[in-house]
Amino acid sequence: MLKKVNAQISQEGAQITIGDASFPEPFVSGLEYASPARGTWNIVHTGMLIPEAHEIFVCAASCLRGVVLTAAEMHAEDRFSTVAVREHNLLDGDMEELIIEGVSDIIEKLPVRPPAVLVYTSCVHHFAGCDLDMIYRVLRERYPDIDFTDCYMNPIMRKSGLTPDQLMRSRLYTLLKEREMRPDAVAIIGNDLPTDENSDLMIYLKENHRKIHEITSCKSYEEYQKMAESAYYISYNAGAVAGGNMLSERLGGKHYYLPFSFCYDEIENSFTKLAEILGTPKPDFTGKREACDAALKETRALIGDKPIAIDYTYCPRPLGLARMLLDAGFKVERVYLDTISGEEKQDFIYLKEYYPGLLLYPTVHAKMRFMSEKEPSDMLAIGQKAAYFVNTNHFVNVIEGGGMLGYQAILHTLELMREAFLEEKDMRTLIQVKGMGCEGCCGL
Amino acid sequence: MRQTARIISTYSADVFGVCSALFELGGMTVMHDASGCNSTYTTHDEPRWYDMDSMVYISGLSEMEAIMGDDEKLIGDIVSAARELHPNFIAVAGTPIPTMTGFDFDSIARMIEQETGIPTFGFKTTGMNTYVQGASMALEAYARRFVEREVEKTTHPSANILGLTPLDFTVNGTDNSIAKFLENAGFEVISKWAMGSTLEELAKAGKAQVNLVVSAAGLGVAKALKELFGTPYVTGVPMGKVYAEKVEHALREAVKSGDNQILHLKGDDGEIVVVGEGISSLSLAQAIELEAGRGARVLCATECEEEMLRKKDQITFDEEEIEEALAGAKIMIADPLYQPICPKETRFVPLPTEAFSGRIYRDEIPNLVDGFKDFLRKVL
């Protein structure tokens, strides 16, 4: 039942049972709120994954402000520069010159010549019809020793074509240069966080003696370039699929998307398909289902009926996670998400039918400003935003799947839930750190 | 100038100045932008975000809405939210794309006000100027709309404090220290624009005999109050015993004469350089000159009227300009994110501000009104 948030504000529009929700937009879009949970990465963090590369943002001050302080907070100021777009540039029509001369000025002032420069243009360049091809042509001619790539901070395009997130993940591999391929080499692509060494994917690839490349572990630009020797590209973040396909088209390797999942059948099917593509033996799943079932039981016994809230920043399949937990008898009460991804349609339909009372909440709806619990709650949260909204120190502090994959994602999630149940964390401090984990995988 | 910054930060932008200035006033501020601005402001520029339920939102402008001039979506979203959230007022502030498309803020504000009956402001911020400009226009507009006209000035000394935002003064109690200074000097503090005052107190701002402008963000409202009530203003932050006495004297002089007082004291050429917002930096420079007898000059890196500064001070926006202007400086006082451009032979004294480094050094920002002596020891 809907209740009053305060004397004047009801929850209507900012809370819905999944039984009443529509796919893929359960909430009406409108003014957007930003909660204090900051752990997810932005385009500055992601770009810094290319070792030794220098980022140059060309934008207005309001756009520069967030990215320059992102770089400062991650102590990467020396790999980050800006060119400010001012009002007269809009009127003078000199945007191309501003970019070319601004970028050149910065390159000339850098104490060390970077092997690569990521130039980020913004919405204003898109709207001004800026000739980006010409700009990059001139820059490449002027600095033949530097690899340039085009990056974008144009959130206004988020509903047209590739999203800024998809674009950024694709840009990470545009600088790779063709080289002789090794049929045993595999590149895991499109992740901000390193793939867990204990994940099913890493273990399987190692068991089959594959040479594994991942941008998160590259320490130098040369090491990054070696990724191009990979004959196979594996992505497991849906936002990386477009980039994987582009890379495949450009360098000729085969791209395979292995979805993150909590569904036993889907996990086994996708790993079996991977084995077919790589030409490696079929993975051995013996005992995996039983191990997960046992872990679910053990965790359920410990946690009992403690209410659980999940949010979409924890992993790409928040509804899949809710489904697995509900089927195992956990008391999942809330899922925080703004839209439902196409990959989760079946989980949505299943939950709608079998758990119609599950509550969905948005994270950006204007009313969410007033819908965080004012007093600490007795809930267990999985994800930072859920932890903030339900106001609990008992939470799983992971973003973007945390590098987990396969059955290991299930087992590790349950392990983290048990840990969160038993131990409190300083939620207020932890969730406000930007780009969780970036200090460990940006060569910093 | 190529408008480049190889390594230094960027000041908070005009649109965030609007949000910061209006944050405590119970309104609903909407940044008309695609995405990102809201997160930037609430992460880096707003220390009150976690603890105060102020309504600051982003419109989520899309490419098609911008191209097609679909203002109805924005109006509908604001009206719908306002009907549910009941703000005291509504403010719509601009960013680069509305600037490019010629968005008509005044008309949209009128339409929203007609539909909701809630006072509405349209601020033509562009996202391309500093927070000072946005905060100044927001406080001025608020004053023109909400300060009661039919009030009588107090018969005893009284003052408003103008230009208080966390961007310049964080939340370390400097706002209260300034108020305490006034009270100790025998002035009743009528209102503080805009930290720590109720709406009722702000509405009575016309009662004050004088206004103390503590940052350039307070200049717009100072001029409005001069125009509306004839109230003179004094610029300066009372830091250091001697400089604070000068400020106090200027306040009395302003009350007596009815004329604005801009404190420009004579000092030697600046071997000490203070980089930052105009009025607070000039106050610090002059306080150092008075207390230490060493010349100090200001490199003002945000918008400031030239008459606020002295001849030896400069307005310098870009990294290259600032680097050139630092030539010959023995001591540089600036936000830590300026340190990479401090000349080798110059000693760097960190003085963080939220307006430049956001939350990074928040815990290290000094209260220069109460703690000037301690800070001076670090300088000398």
key: Estimated FRET transfer efficiency (A:GLU108, B:THR155; beta-carbon r; R0 60 Å; 0.05)   = 0.40
message = With every atom except the alpha carbons ignored, what do you get for Rg and Dmax of the range B:14-129, in angstroms?
response = 13.1, 39
ask   = In deg cm²/dmol, rounded to 500, what helix-only [θ] at 222 nm does the protein assembly as shown give when every DSSP H run of at least 4 residues adds -39500 (n - 2.57) and the total is split over its residues?
value = -11000 deg cm²/dmol
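At a Förster radius of 25 Å, what calculated FRET efficiency corresponds to the Cβ-Cβ distance of A:MET181 and A:GLU222, to the nearest 0.05?
0.90
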task = Would you kindly state how much longer the chain becomes between B:GLU148 and B:THR198 on full extension, computed as 0.36 nm times their sequence separation minus their alpha carbon distance, in nm to one decimal?
result = 16.6 nm
remark   = For B:LYS256, counting only aspartates and glutamates whose alpha-carbon sits under 20 Å away and dropping same-chain residues fewer than eight positions off, the answer is B:GLU152, B:GLU183, B:GLU188, B:GLU227, B:GLU245, B:GLU248
ask   = What's the center-to-center distance, using Cα atoms, between the range B:201-264 and the range A:155-178 in Å?
value = 52 Å
task = Extending each Cα 7 Å along its Cβ direction at A:GLU290 and B:GLU253, get the distance between those two points in nm, one decimal.
result = 9.1 nm
query = In the structure shown, do any of A:LYS219/A:LYS282; B:LYS192/B:LYS223; A:LYS306/A:LYS374 have a Cα-Cα gap over 22 Å, and if so which?
reply = A:LYS219/A:LYS282
inquiry  = Given a 10 angstrom Cα cut-off, can you work out which residue in A:LEU337, A:LEU110, A:LEU118 is the most mobile in a GNM of chain A?
reply    = A:LEU110
request  = State the extension gain, in nm to one decimal, for the chain segment bounded by B:LYS312 and B:LYS241, taking 0.36 nm per residue of separation less the distance between their alpha-carbons.
outcome  = 23.2 nm
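Nothing charged except the Cβ atoms of Lys and Arg (+1) and of Asp and Glu (-1): what's the magnitude of the dipole of chain B about its Cα centre? Round to the nearest 20 debye.
That gives chain B a dipole magnitude of about 1220 debye.
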query = Cα centroids of the range A:106-128 and the range A:311-358: how far apart, whole angstrom?
reply = 41 Å
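Distance cut-off 19 Å, Cα to Cα: go down the list A:LYS109/A:LYS177; B:LYS246/B:LYS266; B:LYS241/B:LYS378 and report the pairs above it.
Long pairs (Cα-Cα over 19 Å): A:LYS109/A:LYS177.
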message = Need the list of lysines near A:LYS288 for cross-linking: C-alpha distance under 21 angstrom, and skip anything on the same chain fewer than eight residues off.
response = A:LYS206, A:LYS273, A:LYS297
key: Neighbour count of at most 16 Cβ within 10 Å plus DSSP loop: longest GluC sites (Glu not before Pro)-free window in chain B   = B:1-147
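At R0 = 60 Å, how high is the FRET efficiency between B:GLU305 and A:ASP305 if r is their beta carbon distance? Nearest 0.05 is fine.
0.40
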inquiry  = Students often forget the sequence filter, so: which aspartates and glutamates lie under 12 Å Cα-Cα from A:LYS226 once same-chain residues fewer than 8 apart are removed?
reply    = A:GLU178, A:GLU180, A:GLU214
key: Inter-site label distance for B:GLU183 and A:GLN346 at 7 Å from Cα along Cβ, in nm   = 6.8 nm
key: Selected from A:ILE203, B:TRP193, A:PHE262, residue furthest toward positive end of dipole (the protein assembly as shown; charges at beta carbon)   = B:TRP193
note = The set of residues whose placed amide H lies less than 5 Å from the amide H of B:SER62, leaving out same-chain residues fewer than 5 positions away, is none
query = Between A:ASN269 and B:GLU227, what is the label-to-label distance in nm when each label sits 7 Å out along the Cα-to-Cβ direction?
reply = 6.9 nm
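Bear in mind these aren't lab numbers, they're just calculated from the coordinates by the rules spelled out. Keep in mind that what you see is a predicted model, and the values were worked out from it rather than measured. Neighbour counts run over all protein chains shown; Cβ positions are idealised from the backbone, glycine included.
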